[in-house]
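Structure, as structure tokens:
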Amino acid sequence: MAYDYDKTHKNILKSAKKQFTKVGFQAASIRTICKEAGVTNGAFYSHFDSKEDLFDKLVEPCVNGLYELYSESSYPFMENDGSCELAGYFESTAESMTGLIRYMYAHKDDFLLILNAGAGTKYENFTRDFVDEETDNTMIFLEKRKPYMKRPENFKRSVAEFISSFVIGTIFSSFLNGEPLEETAQRGTLAGEFCMAGIARVLGLKDH
């Protein structure tokens, strides 16, 4: 029987996904993955450089897709000269977050793998990294809003970080708890509205 490279590749990925989901990245063994895939260890290394490379191949496409979607939704506000009204910014942010949530649910197994089994991989701080990205973008937007702040002395990274952590933490927690997509989207929107009111008060932000 001729060697079917594509079939072997898919079998390894399928077996790996099952093992990583079951015991996590660190506890999963290449030997067990190969055994369940019906291939030899030698065959494994003709497809993947390492266990880390295998995990990366499983989740990298959906991670890249998420960040591309996030970048597209954030770009208009990052390029704005500061004239964008606060209410419009937060409304658009809520819409973009809902889009990201829908993407996560469309790739649910992959994101559960990252969040539940990613310890020991470059994705083990995925949530923290995403919060940092959102914090950076929030800081860029708020920096441009300084002329409209009554209390600019309260403009600190810790404020932006709190907002980002609260909103993203709410979304990821709901996702991991198995809540339906619409419930998670609603919680994310409410968290965003709560933070919008809070940051407007803390910084004395006003529309113009």
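Readers should treat all values here as calculations from the given coordinates under stated rules, not as data from a laboratory. From a predicted model like this one, the values you see are computed outputs, not experimental measurements. A quick note on method: Cβ atoms are made from the backbone with ideal geometry, for glycine too, and the neighbour counts reach across all protein chains shown.
Between D49 and S92, what is the FRET efficiency for a Förster distance of 25 Å, r being their Cβ-Cβ separation, to the nearest 0.05? Approximately 0.05, to the nearest 0.05.
Of S158, S15, S96, the sequence from fewest to most neighbouring Cβ atoms within 10 angstrom is S158, S96, S15.
Note on N154 and E68: the model spin-label points, each 7 Å out from Cα along the C-beta direction, lie 4.0 nm apart. Spatially, region 145-208 and region 20-61 are offset by 39 Å when compared through their Cα centroids.
Taking R0 as 35 Å, what's the FRET efficiency between F194 and N125 from their Cβ-Cβ distance, rounded to 0.05? Between F194 and N125 the formula returns 0.85. Altogether, the Stokes-Einstein calculation at 20 °C and 1.002 mPa s, with the Kirkwood radius of region 58-203 over Cα pairs as Rh, returns a diffusion coefficient of 136 µm²/s. Charged neighbours of G24, selected by a Cβ distance under 14 Å, balance to +2 (K, R count +1; D, E count -1). For the pair R31 and E179 in one chain, pulling the backbone fully straight at 0.36 nm per residue adds 49.8 nm over the alpha carbon distance.
The aspartates and glutamates within cross-link reach of K22, meaning a Cα-to-Cα straight distance under 20 Å and a gap of 8 or more places when in the same chain, are E36, E52, D53, D56, E60, D109, D110, E124. Distance distribution note for region 5-44: the fraction of Cα pairs above 11 angstrom is 56%.
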